[in-house]
Amino acid sequence: MTIDRRQFAGGLSALAAWSSVASMSIAQDKGREPLFVATWNFGLPACQQSLKTLEETGSILDAIEKGIHVAEADPKVDSVGVGGAPNSEGVVQLDACFMDGATHGAGSVAGLENYPHPISVARRVMEKTKHVLLVGNGAAEFAKSQGFQQQELLTPEQKDKWLAWKSKQPAPPPAAPPNHDTIALVGLNAAGHLAGGCSTSGLAYKMPGRVGDSPILGSGLYVDGDVGAAGATGIGENVMRYCASFLIVELMRSGLDPTAACRTAIERIAKHERKSPADLHINFLAIDKQGRWGAAGTDADYRIAVVRPSVAKLEKPFLVT
Ligand code: ASP
């Protein structure tokens, strides 16, 4: 699918300032070569696993799931899966969602305890139930019924950090979280099939039961098989009140390239919030059906991983200040 240039006409002047970013994204277009893009440095081995899985199985859904498994299984990734940060009571509660652009099917889990691969449980919600989102005990019961193995998610390192944090807290705990980060991973195969997933332990030391943007379709992740996919990381509350991933996909549908769409979403949110972007801590990535990728964020240390057969690299996204 090519972009209808007429759709751009109205927005061209507004886009002029972004032309270097947009043209960079367009120059990166390699047609229908498979493409995987994920948030943060730990997204790189995840995307590499996604490509490997795609080559082995031919399934874009397996590729997304197995790629995210890499971050979920790595205890050094302290914001996802095993070794993820606990809530304020010292309990690791995981959120994830999975979406298939071809069918518009989706599954999510929130507040899932003791299962190391919430992305797989989310995919199973999509495939085995008529529902979209399962939470808490219900999600855990479903995971058990599907034969998923339980595992202690709180590592000794995270327990020590939590105890140190807890010993310094006045009651009630402060709202400002000390740590967070989500893996959002989106992909496209050579046939143009789009899919995505995201997985997180959410904000470190969050209020028990707090659910962020990551398992909420349209907020932490959104995939439209005709247009593209977008994902988010950062302070979920600043993402989910704007359905930001949905917004980014819709901006791409109206003609913006992936970076411009991510940037426009951030600027719109900052304007509504009457805040400097730097105070929002929101970071996005997107790919479109043509195989272009882009990203923008408000955190200077935000990085994305980009993997296709000819490329495996980390990129510094457009910083919105
Ligand atoms: N968005 C996640 C949440 O709010 C955290 C993050 O990505 O940093 O739960």
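The values are calculated or read from the model by the stated rules, or taken from the named source; none is laboratory data. Keep in mind that what you see is a predicted model, and the values were worked out from it rather than measured. Backbone-built Cβ (ideal geometry, glycine too); neighbour counts: all protein chains shown.
Could you go through the range 68-91 and let me know if any residue there is without any contact (Cβ under 8 Å) to a residue 40 or more places away in the chain, charged (D, E, K, R) and part of a helix (DSSP H, G or I). Looking for residues that are without any contact (Cβ under 8 Å) to a residue 40 or more places away in the chain, charged (D, E, K, R) and part of a helix (DSSP H, G or I), one finds none in the range 68-91, hence no.
Please indicate, with yes or no, whether at least one residue in the range 251-268 is in contact (Cβ under 8 Å) with a residue 60 or more places away in the chain, of a type in the set (D, E, K, R) and either in contact with a Ser or Thr (Cβ under 6 Å, 6 or more places away or on another chain) or not in a loop (DSSP other than H, G, I, E, B) (or both). Yes, the range 251-268 has at least one match. Filtering Ala184, Ala176 for residues that are within 14 Å of the ligand (Cβ to nearest atom), under 26 Å from Arg241 (Cβ atoms), modelled with pLDDT under 95 and among the aliphatic types (A, V, I, L, M) leaves a single hit, Ala176.
A quick yes/no check of all residues on (1) under 12 Å from the mean Cα position of the chain (by Cα); (2) buried (at least 23 other Cβ atoms within 10 Å of the Cβ):
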{"site": "Met207", "(1), (2)": "no, no"}
{"site": "Arg210", "(1), (2)": "no, no"}
{"site": "Leu217", "(1), (2)": "yes, no"}
{"site": "Gly220", "(1), (2)": "yes, yes"}
{"site": "Val223", "(1), (2)": "yes, yes"}
{"site": "Asp226", "(1), (2)": "no, no"}
{"site": "Ala232", "(1), (2)": "yes, yes"}
{"site": "Cys243", "(1), (2)": "no, no"}
{"site": "Glu250", "(1), (2)": "no, no"}
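Looking only at residues that are outside any loop (DSSP other than H, G, I, E, B) and more than 16 Å from the ligand (Cβ to nearest atom) in the range 187-225, which one is nearest to Gly67 (Cα to Cα)? Ranking the qualifying residues of the range 187-225, first place goes to Gly187.
Here is a yes/no grid of residues against (1) under 28 Å from Met126 (Cα atoms); (2) among the hydrophobic types (A, V, I, L, M, F, W, C):
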| site | (1), (2) |
| --- | --- |
| Leu217 | yes, yes |
| Gly234 | yes, no |
| Arg241 | yes, no |
| Leu247 | yes, yes |
| Glu250 | yes, no |
| Arg253 | yes, no |
| Ala295 | yes, yes |
| Leu319 | no, yes |
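Against the condition within 16 Å of the ligand (Cβ to nearest atom), among the acidic types (Asp, Glu) and crowded, with 24+ Cβ neighbours inside 10 Å, how does Asp257 come out, does it pass? So Asp257 fails the test. If you check Ala164, Ala96, Ala110, Ala139 for being outside any loop (DSSP other than H, G, I, E, B) and modelled with pLDDT under 95, only one passes: Ala164.
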